[in-house]
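The values are calculated or read from the model by the stated rules, or taken from the named source; none is laboratory data. Because the structure is a prediction, the values reported are computed rather than measured. Note: ideal-geometry Cβ built from the backbone for every residue, glycine included; neighbour counts use all protein chains shown.
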Amino acid sequence: MKFGLNVEKSSQGSFWPSIIVASFACFGGILYGYDTGSISGIIAMDHFKRVFATNQDASGNPFLTSSQKSLIVSILSAGTTIGSFSMSFVGEIFGRRINLIIGCGVFALGVALQSAASAIPLFAVGRFFAGLGLGFISAVVPLYQSEAAPKWIRGSIVSGYQWAITIGLLIASIVNNSTQHRTDTGAYRIPIGVQFAWGLILAGGMAILPESPRYFVKKGMLEEARKSLGRLSALPPDHEFVSEQLLEIRANYEYELSFGSTSFIHCFTNEGRQLYRLVVVTTVQALQQLSGINFIFYYGTDFFQKSGITDPFIIGLITNIVNVVMTPPGMYAVERIGRRRLLLVGAIGMCSAEYIVAIVGVSVSSVVSNKVLIAFVCMYISFFASTWGPVAWVVTGETFSLRTRSKSVALCTMSNWIWNFGIGFATPYMVDSGPGNANLGPKVFFIWGTFCLIAIVFVYLFVFETKGLALEEVDELYEKVSSARQSSSFVPTHVLTEDAKNAEGIVDAEKLRGVEVEHV
């Protein structure tokens, strides 16, 4: 037992290298979170409006129109959608590590263009390229983590990606709050330029970390897979335990290949219930976005400003602190309580809090009502941060079989970004007043709350519990269990390990008798 988690008793070597490697990949979340958080404050900065806005109000103050805010915010998600989707085609060519490094390079190009811009068109182009790089990164990080982490802590580590996102959001809020009153371009260029550091750290780390052993097995590079497993276990490549791990991974992959070669279309077939898995996970990603979380982090400062709150930048900082503090409990609970139950609890809590925000927001307008609004927004964020925030990425990273995993994860990540783009684009028109806008204001929380209500029903009926299962055992779960409501009681039989006795070229399968193999 480590940290209250069930560690495999047969584990040999050290689990720390694999934990460190998988955890470092979380840094990709810093890039995503910081970019998301910084733009919320940047578009509310006076000097940014003076440089980029093309309209003035009756008092002569510059302001960004709904269409300008929509373009600036949502164009990043358009880039991420394309970037994540492209990983479904090229994700297997270079491997997990190199794709992350490429993503950092493209992201840096986007940051450079934003820093140099003095008009919306070039700024939007920079946002698009930054999004393209983030799309690469967001599609690969959960995949790399799931394939590198020990199964007994895999959910917590993949959840760490979401925690990194919240930390990025908080750092962005702090930087924005520090520069908002500057009267030069440093007000917005400093927050933008800081992003170079995040990309450099992630790319530098990935340059020295090992590649996923499962990727090497898929490419037929067995010796490289052996070396990678050795590094992740702190054992020599020829150690018996490393050989056993390699046998398990290879046997599972060869079993999958027995059904025929893999193409993109296999993600949409019902072999091994691949289509079912794809629909469930893409819907989970969609519902994560439709819960309304990025309304707060894209437009929160602007929303609080228009709601009559005196210092919206400080309120934005508070919501980000809540987000950071409440994510670790979810990272711990995902391995103790499970994925399915956490998603249900989170959806119920978010639904309740958002309906209260909507009711309070449209009923009265006073100092007291504003305090209640802020309190329940923070409660909503607490439920999201400890449940749907991290768990949606855990479910994405561990649901699919090896031969379709890269393509399927890319498609699911694309689902997240498509809805991210849609919400980022539509929200100004939904919330703002003026001609052509819906002027919903706080009433928009009725919409987010209703989607959380839908999420409760969907999770109960369709989301399987995968807590404590090796990636190879998830396939057996979907083969043998027909209903999501029965998935929590599933016990794997390790059939693949027994079937692997006839596999050649790795290790004598007889050595596996009586050994419960730890999957890295």
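With respect to the conditions (1) modelled with pLDDT under 95; (2) not in a loop (DSSP other than H, G, I, E, B), residue 128 falls short on a single one, namely (1).
The combined condition, being within 22 Å of residue 401 (Cβ to Cβ), in the same structural domain as residue 352 (by TED's automatic domain parsing), crowded, with 21+ Cβ neighbours inside 10 Å and not β-branched (Val, Ile, Thr), is fulfilled by residue 469.
Going by what's in this entry, would residue 180 be described as surrounded by 22 or more Cβ atoms within 10 Å (Cβ to Cβ), assigned by TED's automatic domain parsing to the domain that holds residue 113 and either farther than 26 Å from residue 322 by Cβ or not aromatic (Phe, Trp, Tyr) (or both)?
Working: surrounded by 22 or more Cβ atoms within 10 Å (Cβ to Cβ): no; assigned by TED's automatic domain parsing to the domain that holds residue 113: yes; either farther than 26 Å from residue 322 by Cβ or not aromatic (Phe, Trp, Tyr) (or both): yes.
Taking the combined requirement at face value, the residue does not satisfy it.
The selection criterion, being farther than 17 Å from residue 302 by Cα, without any contact (Cβ under 8 Å) to a residue 24 or more places away in the chain and surrounded by fewer than 24 Cβ atoms within 10 Å (Cβ to Cβ), does not hold for residue 382.
The sole residue among 115, 146, 138, 84 that is in a helix (DSSP H, G or I) and more than 26 Å from residue 218 (Cα to Cα) is 115.
Residue count for segment 307-322 under the criterion of being surrounded by 15 or more Cβ atoms within 10 Å (Cβ to Cβ) and more than 18 Å from residue 166 (Cα to Cα): the result is 3. Scanning segment 407-435 for residues that are outside any helix (DSSP H, G or I) and either under 17 Å from the mean Cα position of the chain (by Cα) or under 29 Å from residue 82 (Cα atoms) (or both) yields a total of 1.
Would you say residue 314 is assigned to a helix (DSSP H, G or I), touching a residue at least 12 places away in the same chain (Cβ under 8 Å), β-branched (Val, Ile, Thr) and under 30 Å from residue 488 (Cβ atoms)? Talk me through it step by step, then tell me what you get.
Numbers: assigned to a helix (DSSP H, G or I): yes; touching a residue at least 12 places away in the same chain (Cβ under 8 Å): yes; β-branched (Val, Ile, Thr): yes; under 30 Å from residue 488 (Cβ atoms): no.
No; evaluated as a whole, the condition is false for this residue.
Inspect all residues belonging to segment 333-355 and state whether any of them is among the polar types (S, T, N, Q) and over 18 Å from residue 454 (Cα atoms).
The first filter runs over segment 333-355 and keeps only residues among the polar types (S, T, N, Q), leaving 352.
With over 18 Å from residue 454 (Cα atoms) added as a condition, the list becomes none.
No, segment 333-355 contains no residue that is among the polar types (S, T, N, Q) and over 18 Å from residue 454 (Cα atoms).
Among the residues of segment 18-39, is there at least one that is surrounded by fewer than 17 Cβ atoms within 10 Å (Cβ to Cβ), among the hydrophobic types (A, V, I, L, M, F, W, C) and either part of a helix (DSSP H, G or I) or at pLDDT 90 or above (or both)? Yes, segment 18-39 has at least one match.
For the residues 174, 190, 201, 167, the requirement of being free of Cβ contacts under 8 Å to residues at least 24 places away in the same chain, surrounded by fewer than 24 Cβ atoms within 10 Å (Cβ to Cβ) and in the same structural domain as residue 32 (by TED's automatic domain parsing) singles out 190. Taken across segment 269-289, residues that are among the polar types (S, T, N, Q), surrounded by 23 or more Cβ atoms within 10 Å (Cβ to Cβ), farther than 23 Å from residue 415 by Cα and touching a residue at least 12 places away in the same chain (Cβ under 8 Å) do not occur at all.
Scanning segment 399-420 for residues that are of a type in the set (Val, Ile, Thr) and either touching a strand residue (DSSP E or B) at 6+ places or on another chain (Cβ under 7 Å) or surrounded by 24 or more Cβ atoms within 10 Å (Cβ to Cβ) (or both) turns up 399, 404, 409, 413.
Note on segment 428-461: among residues that are surrounded by fewer than 17 Cβ atoms within 10 Å (Cβ to Cβ) and touching a Ser or Thr at 6+ places or on another chain (Cβ under 9 Å), the one that is farthest from residue 284 (Cα to Cα) is 434.
When residue 64 is tested against (1) at pLDDT 90 or above; (2) surrounded by fewer than 19 Cβ atoms within 10 Å (Cβ to Cβ), exactly one condition is not met: (2).
Quick check: is even one residue across segment 334-354 on the phi > 0 side of the Ramachandran plot and either assigned to a helix (DSSP H, G or I) or of a type outside the set (Phe, Trp, Tyr) (or both)?
Restricting attention to segment 334-354, the residues satisfying the condition of being on the phi > 0 side of the Ramachandran plot are 338.
Now drop any that are not either assigned to a helix (DSSP H, G or I) or of a type outside the set (Phe, Trp, Tyr) (or both), which leaves 338.
Scanning segment 334-354 turns up at least one residue that is on the phi > 0 side of the Ramachandran plot and either assigned to a helix (DSSP H, G or I) or of a type outside the set (Phe, Trp, Tyr) (or both).
Out of the residues in segment 204-225 that are charged (D, E, K, R) and buried (at least 22 other Cβ atoms within 10 Å of the Cβ), which is nearest to residue 20 (Cα to Cα)?
At the first step, the residues of segment 204-225 found to be charged (D, E, K, R) are 211, 214, 218-219, 223-224.
Of the ones still in play, those that are also buried (at least 22 other Cβ atoms within 10 Å of the Cβ) are 211, 214, 218.
Details: 211: 13, 214: 18, 218: 23 Å.
Restricting to residues being charged (D, E, K, R) and buried (at least 22 other Cβ atoms within 10 Å of the Cβ), the top hit is 211.
Within segment 91-110, residues that are on the phi > 0 side of the Ramachandran plot have Cβ atoms under 7 Å from residues that are crowded, with 19+ Cβ neighbours inside 10 Å in these pairs: 95/211; 95/215, counting only partners at least 6 apart in sequence or on another chain.
Is one or more of the residues making up segment 361-369 crowded, with 21+ Cβ neighbours inside 10 Å, assigned by TED's automatic domain parsing to the domain that holds residue 462 and in contact with a helix residue (DSSP H, G or I) (Cβ under 7 Å, 6 or more places away or on another chain)?
To start, the set of residues in segment 361-369 that are crowded, with 21+ Cβ neighbours inside 10 Å comprises 361.
Cutting the leftovers down to assigned by TED's automatic domain parsing to the domain that holds residue 462 gives us 361.
Still in the list and also in contact with a helix residue (DSSP H, G or I) (Cβ under 7 Å, 6 or more places away or on another chain): 361.
Yes, segment 361-369 contains a residue that is crowded, with 21+ Cβ neighbours inside 10 Å, assigned by TED's automatic domain parsing to the domain that holds residue 462 and in contact with a helix residue (DSSP H, G or I) (Cβ under 7 Å, 6 or more places away or on another chain).
Of the residues contained in segment 185-201, none is found to be among the aromatic types (Phe, Trp, Tyr) and in a loop (DSSP other than H, G, I, E, B).
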